Structure formats: C-alpha cells, structure tokens
1. Can you list the helices (runs of 4 or more DSSP H) lying wholly within region 151-225 that have 2 or more residues being under 16 Å from the mean Cα position of the chain (by Cα)?
2. Does Ala300 satisfy the criteria of being at negative phi, among the aliphatic types (A, V, I, L, M), in contact with a strand residue (DSSP E or B) (Cβ under 9 Å, 6 or more places away or on another chain) and surrounded by fewer than 18 Cβ atoms within 10 Å (Cβ to Cβ)?
3. Counting only residues that are among the aliphatic types (A, V, I, L, M) and in a helix (DSSP H, G or I), which one in region 11-49 is surrounded by the fewest Cβ atoms within 10 Å (Cβ to Cβ)?
4. If Glu235 meets every condition in (1) closer than 25 Å to Lys292 by Cβ; (2) in contact (Cβ under 8 Å) with a residue 24 or more places away in the chain; (3) part of a helix (DSSP H, G or I) apart from one, which number is that one?
5. Picking from Lys85, Lys138, Lys60, which residue would you name as being surrounded by fewer than 20 Cβ atoms within 10 Å (Cβ to Cβ), out of contact with any helix residue (DSSP H, G or I) (no Cβ under 8 Å at 6 or more places or on another chain), over 30 Å from Ile266 (Cα atoms) and not assigned by TED's automatic domain parsing to the domain that holds Asp169?
6. If a residue has to be modelled with pLDDT under 90 and of a type in the set (Asp, Glu) to count, how many in region 106-161 make the cut?
7. In region 50-87, how many residues are part of a helix (DSSP H, G or I), free of Cβ contacts under 8 Å to residues at least 40 places away in the same chain and closer than 21 Å to Val150 by Cα?
8. Just a yes or no: is a residue in region 291-307 touching a Lys or Arg at 6+ places or on another chain (Cβ under 9 Å) and over 18 Å from Tyr164 (Cα atoms)?
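The values are calculated or read from the model by the stated rules, or taken from the named source; none is laboratory data. The model shown is predicted, which means the values in this text are computed figures rather than measured ones. Here the Cβ is made from the backbone with ideal geometry for all residues, glycine too, and neighbour counts use every protein chain on show.
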Amino acid sequence: MNKDQISIPSILKIEKGVTSKIGTYLKDADLNQVTILFGNGLIAMFGEQVFKSCEEAGVKILHYQEMDTVDFNDITNLAFELPNKTQAIIGMGGGKVIDAAKYIGYILRIPFISVPTSSSSDGFSSSSASLTIGGHRKSVPAKLAFGILVDTEVIKSAPVKFLYSGVGDMVAKISSTYDWQHEEDLGFTEVNDFSFMIAKKAVNSFVRTPFESIEEDLFLKELLDSLAMSGIANEIAGSSAPTSGSEHLISHALDQLLERPQLHGIQVGIATYIMCKICDHRYQRIDTVFTKTGFWDYCATLDLKAADYIEAVDMAPHIKPHRHTYLHEEKYRELAKKLIKEDPKLTAILH
C-alpha cells in the first residue's frame, strides 16, 4: 500500500434507524444500481424495509439473495455471475455474508457497503476476509468498506452473545498494541505510530464509557464506533498487527483444535485477559469491563475446557511464525499455562 494514501469509508452511519435510510445513503453517493447479499434468514427480517428504502430513493436492486457460505469457489463464482451494471455490493448480516460481499467488492473493484446486524467483531470494518479455501479458513486481502451502515436498533435485536463477543474483540486491542510495541522493541517490526494511536484511542474510549446496561444506546455506539476505528487502524498499518496479537493467535488455534469453537470475540476476550495478566498490563481494567458487562458470567455458561486453552497457547506461535508476540517466547507460554490453571477468574469459567 502506498503510505501516502489510505482508504477510509466515505459513508459512516452508526445510529438508530439506519436501515430505513439505506436507499438515501446510496443515492447520495451516486450508487444507483446495487446487489445485496443478506445473511441467512435476514430477507424475512429486514428485506422489506431495505427494499422500500431503495425504491423510495430511486436505487435499483439488480440482484439480491441470501448467502450462508464463505467458500472461496462459491464466492468467486457468484461474483462473475452478478449483473454487469452493479455499481456496489452490499453485505447485510453477520461475519460470513460481510466477508463474502467484501471479497466480491475486492475482485470486481466496486464499492462494498457493510451493514452488520451484530456487534460480534471488528470484521465489518476490516479490509481482510476469512474464507474457506481447500477446506481451511484463511484470511485473505479484501475490500475496505466504502460505507459502514449500522442500525443500533438492529444490533439490539441480535442475541446478547454477539454483544459479549464484540466486547471481547474490542478489549483485545489492549494486548494487541502491547504485543506490537514488544515486536518493535525487539527489532522484529516497525510500529506505525498513527495506526497505533488510533487502535489505542479506540479501545480507551470504549473501556472508559460509563454505562448501566450493555443495551444502552451510548454503550452500543461506543462499542461500534471503536470497532470501526479498529478496521481503519489496520488499513493504515497495512496489516492486522494493531488489532491482532497473541490473543488472536490463541483464538485461531482454538478454531483449529475444537470441533465447535466459540464466537471469535469470546475466545479472544478470554485470551486477552490471559495475556494482559501475565504481562501485568491493564488486566484490572479488562476484568472490570468483563465483570460489569456480564462477559464473565456468560463465559461460565459455555462449558469451556482449560486443557483446550493450554493446548492453544502451545500452538499459538505456529499460527503466525513470522510474528514475534509475547507468546512466541517460551517464558510467556509457560506463564500463560500456569495462569490458566490457577487464576480464580479463569478457573471459574475453564473446567
């Protein structure tokens, strides 16, 4: 990426009632002919509202369908079957459909509009996609969103587990930035100061937000704003380093080890607490957020296994051998495994 040029979303709306205004936002951006991919079951939930909005704004929907796969071949086949006059691809739903839409936008070189219906991770704002290639999930370059449209009322309607996942993925920026600085200190990389600042500001703004309920509008907006900023931090850095460190390596390892992994942000959140506790870095703040939001209480219902996290810690460095996070050093792997067995917060949720 040219360091003098970075992409940022041209449309950014995170507020109540966005769904009924999608057509207006598209029209204002001169996107008059679009394709919409919906997550599984979402046409019945939101289709009528979206179609009406586009019709009233004079935006033509050339094609729409539900999409419940991230298989590379399925996505590329669909991309080249879309109407030639498609000016933008819209992905409305969870991680799968957004990854599919952003990759189609990337290969067709058309704007991608991200319309997440849950707050489970920062994937809705990132420029990479997690696709299934040859039977394995792989992260590939994709399209940074031209527009991010988030309806906080829709986010509230999603199961609460997705909110907890978003909380876990957001606090991960505390450990990922610490890892990134560690890599630079040891001479393995060079930190982009602006990207680093955005990632830090995003997480600090979120963890300092006063709230009584995680379904309050202010809390939701802070969470979603901060997740969106995280995607921009990655775009500036030209990598996921600002927002993905050792805590993400543990989660990626769990994805490979477990037959049924938990939501990404749940695994990442637990791993963030582990890494920050062994590094003595802001773990009290993380514990406070997890306690007050109910994250710990939710994790206690999931029948998580300590042995799985211990195995994931050992496997983590092999996930990205070119990185040098704290977990790439044996000393910290041993500390992490010891903590998993002994820390009261962890023994309460890992059996």
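1. Details: elements: 152-157, 160-185, 193-207.
Because the criterion is at least 2 residues that are under 16 Å from the mean Cα position of the chain (by Cα), the helices (runs of 4 or more DSSP H) in region 151-225 that meet it are 160-185, 193-207.
2. Numbers: at negative phi: yes; among the aliphatic types (A, V, I, L, M): yes; in contact with a strand residue (DSSP E or B) (Cβ under 9 Å, 6 or more places away or on another chain): no; surrounded by fewer than 18 Cβ atoms within 10 Å (Cβ to Cβ): yes.
Criteria not met by Ala300.
3. Of the residues in region 11-49, the ones among the aliphatic types (A, V, I, L, M) are 11-12, 14, 18, 22, 26, 29, 31, 34, 36-37, 42-45.
The next check asks that each one be in a helix (DSSP H, G or I); those that pass are 18, 22, 26, 42-45.
On the way: Val18: 20, Ile22: 29, Leu26: 27, Leu42: 21, Ile43: 17, Ala44: 9, Met45: 16.
Going through the qualifying residues, I end up with Ala44.
4. Checking Glu235 against (1) closer than 25 Å to Lys292 by Cβ; (2) in contact (Cβ under 8 Å) with a residue 24 or more places away in the chain; (3) part of a helix (DSSP H, G or I), the one that fails is (1).
5. Details: Lys138 fails: over 30 Å from Ile266 (Cα atoms); Lys60 fails: out of contact with any helix residue (DSSP H, G or I) (no Cβ under 8 Å at 6 or more places or on another chain).
Every option except Lys85 fails the conditions.
6. Of the residues in that region, 1 qualify.
7. 7
8. Yes, region 291-307 contains a residue that is touching a Lys or Arg at 6+ places or on another chain (Cβ under 9 Å) and over 18 Å from Tyr164 (Cα atoms).
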